[in-house]
Amino acid sequence: MAGKVETHQFKTEVQQLMNIIIHSLYSHREIFLRELISNASDALDKLRFTSQTEPELLGDDTELKIRITADKKKRTLEIADNGIGMTYDEVVENIGTIAKSGTAGFLETVGDAGLQNGVAPELIGQFGVGFYSAFIVADKVTLITRAAGHERGTKWESTGDGSYTIEVVDKKTRGTTILLKLKKAEKDEENFTEEWTIRGIVKKHSDFVAYPIVMDVEKTEPVLDPDGKPEKDKTRKVIREETLNSMKAIWTKDKKEVTEEEHNEFYRHISHDWNPPLAHLHLKLEGTTEYNALLYIPSKAPFDLFTQEQKHGIQLYSKRVFIMENCKELMPQYLAFIKGVVDAPDLNLNVSREILQQDALVRNIKKNLVKKILDLLAGLEQDKYETFYAEFGHIFKAGISQDFDNKDKIASLLRYKTTSSDGKYSSLSDYVNRMKPDQKDIYYITGDSLTTLLNSPHLERLKEKDIEVLLMTDPIDEWVIRDLHEFEKKTFKSAEKGDLDLDKVDDKKQEEYSALFDFIKAGLEDKVKEVKPSTHLKDSVSCLSGDAYDMSAYMEKILKASGQDVPKTKRVLELNMDHPLLAKIKAVYEQDKDALVLKDYTDLLFDLAVISEGGKVENPSKFGKLIGDLMVGAIDG
């Protein structure tokens, strides 16, 4: 018996979403068929995968396919599959509300500009809202589905007016059927009930789908006599089922036979990314380890790259049979953005995820693929590589910590802006080649702002000596330096920690200032662990540094921002003995060691050091008053 028909309202964000899609994809109307076929293909993949452990789900219906049925008179188009199907609750969750993070992301990305300029079709597949593209061409959408292993079906229907109905219905077979009541086509618009229109869309967007996309077509055939021979001038019209897509596994073809257009289309199919890939890797390995692989480097980072929903882009097949998507075992996390297919004929089809992790064949494939991907990146033209690095550099750098075997290769692919690169990226090799003849170390400094780093007082002596410094503004760089240690036998040396050893400190002058330094240290004993002559400063009067193995100020800031409890670390206050301000403070100290103003000057030297590295002083009003008093004195003097 059929269930009670219930009417529900779409959530506000879903109604906004539908409004954007319906009214702004006017120039990409055909995209709806690509998305509905893609959803059907996913449903068939899920059934095939699940049936490996639950073969009873297939029953007698083992011929998996996608069927398109067009009716010109009724102006309807039907897309049906015999895949995994959905339960009532799954329809409510996935179709009725789609209360997913992707919806909010889509709306945020499109914004108001989406309605004015048109939504790029790549956004539809990218945000997982492809089902709603049906409303671009349909006045009414009816979905009838039955989950594999369940006896009852579910019917969902909407005219896109802000509400939908849902009910339990009888459905004889598993799978999903979507019936579109098409809008009346305008004069220059495609008619999506025309055979040639449907053929063209399938060929353009869905030719590589692994399942037959079939349609009944009218054909003219000769009339046969009783002996099976064609009768002269006699023909008849018949309906025949025809497969519209080639289903050719592109990864099995010779790479020389695959055109750029085919690569772009296949990439769109597996990634739902309308942008062409930046580069691809097509491998066919024969011998003890046999597999085919077709991998793509995207040209744009996906919106979910740093979210919990982010998935690995590798689909695993065995003899063209789909095994699993999101195959983490074939690609490390720092290359999770790579999209593609790996087809390994010798895999055990019943292998579980846990066993797969221990599979020697899988480990060997992963090792080879990573090596080939790194070689591909190393061979990219400069412009292409800079595009890649701008999009994925922040996740790619994590390979230094995650992949010890390839650490040197990854290090050679790192790029940083430097004090001498005029805003352009430089490789570590290029930096080493530019090093001074007597320079032993690779100097670097970390922080969250390029401007702050370029103007850091820690770099004054290095700039004076014309020594180049790497500017590291990505939080992951702290871990890169921690795990990299050296490059081409040159050690990394922080420009803000430890002594720079560029010039010998004047022992006599240091002796002259030792009493003042002891006084300042006593006044700041709760804030600094040492006060000493600076090896960093040339023009500034003070800065804060750390010992060589201390945590950097930036690392401390990162950990605190992430909510971690970071033990308070006292730093070193470095003072420039050549600065006239310090000489004047020394004169006041020598004249009257108990002068009250010396405490103010001590705090001022510390606050100036904090500000120079982009920090905040504890008492801004006191700092402002001290600066004001000094200015008045300077003007009066």
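Every number in this text was worked out from the coordinates using simple rules, so none of it is lab data. Bear in mind that the values here come from a model prediction, so they are computed numbers and not experimental data. So basically every Cβ, Gly included, is an ideal-geometry build from the backbone, and we count neighbours across all protein chains shown.
Evaluate the charge dipole of the chain about its Cα centre and quote only its size in Debye, nearest 20, assuming +1 on the Cβ of each Lys and Arg and -1 on the Cβ of each Asp and Glu.
Dipole of the chain, to the nearest 20 debye: 1300 debye.
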*How many nm is it between the label spots at residue 173 and residue 390, if each spot is 7 Å from the Cα in line with the beta carbon?*
5.0
*Quick one: helix 195-205 against the long Cα principal axis of the chain, what's the angle to the nearest 10°, folded into 0 to 90?*
30
*asked:* Just to be sure I understand, if you calculate volume of the Cα convex hull per residue in Å³ for this structure, which of (1) 239; (2) 152; (3) 230 do you get?
replied: (1)
*What FRET efficiency would be calculated for the residue pair residue 191, residue 161, taking the C-beta separation as r and a Förster radius of 30 Å, to the nearest 0.05?*
0.80
_Options 621, 455, 258, ranked by Cα towards positive dipole end of the chain, top entry (Cβ charges)_ = 258
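So which of 532/586; 72/187; 65/367 end up more than 24 Å apart, counting from Cα to Cα? Mind dumping the intermediate values first?
Working: 532/586 14 Å; 72/187 16 Å; 65/367 35 Å.
Check vs 24 Å cut-off fails for 65/367.
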_Acute angle (nearest 10 degrees) that the helix 620-636 long axis makes with the longest principal axis of the chain, alpha-carbon atoms_ = 50
*Using only Cα atoms, find the angle between the long axis of helix 360-378 and the longest principal axis of the chain, and express it within 0 to 90 degrees, rounded to the nearest 10.*
60
*For residue 54 and residue 262, compute 0.36 nm times the residue count separating them, minus their Cα-Cα distance, and round to one decimal in nm.*
71.4 nm
*Could you check what % of the DSSP bridge pairs in the chain are antiparallel, to the nearest 5?*
75
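If you place +1 on the Cβ of every Lys and Arg, -1 on the Cβ of every Asp and Glu, and leave all else neutral, what size is the dipole of the range 176-278 about its Cα centre, to the nearest 20 Debye? It would help to have the intermediate numbers written out before the result.
Numbers: 19 positive and 23 negative charges, 33 e Å.
Dipole of the range 176-278, to the nearest 20 debye: 160 debye.
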*Treating only the Cβ atoms of Lys and Arg (+1) and Asp and Glu (-1) as charged, compute the dipole magnitude of the range 507-636 about its Cα centre; round to the nearest 20 debye.*
300
*Where both partners of a DSSP beta bridge lie in the range 504-582, what percent of those bridges are antiparallel, to the nearest 5?*
45
*Enumerate the amide H contacts of residue 139 below 5 Å, restricted to partners 5 or more residues apart or on another chain; note that Pro and chain-start residues carry no placed amide H.*
181, 182, 183
*Tabulate in residue order the Karplus-calculated ³J(HN,Hα) for the range 549-560, using 6.51 cos²θ - 1.76 cosθ + 1.60 with θ = phi - 60°, rounded to whole Hz; enter x for Gly and Pro.*
10, 6, 5, 5, 4, 5, 4, 4, 5, 4, 5, 5
_Stretch gain in nm, segment residue 216-residue 490, where the contour uses 0.36 nm per residue and the Cα spacing is subtracted_ = 91.7 nm
_Selection from 327, 235, 541, by position along the positive dipole direction of the chain (Cβ)_ = 235
*Can you sort 271, 133 by how many other beta carbons sit within 10 Å, fewest first?*
271, 133
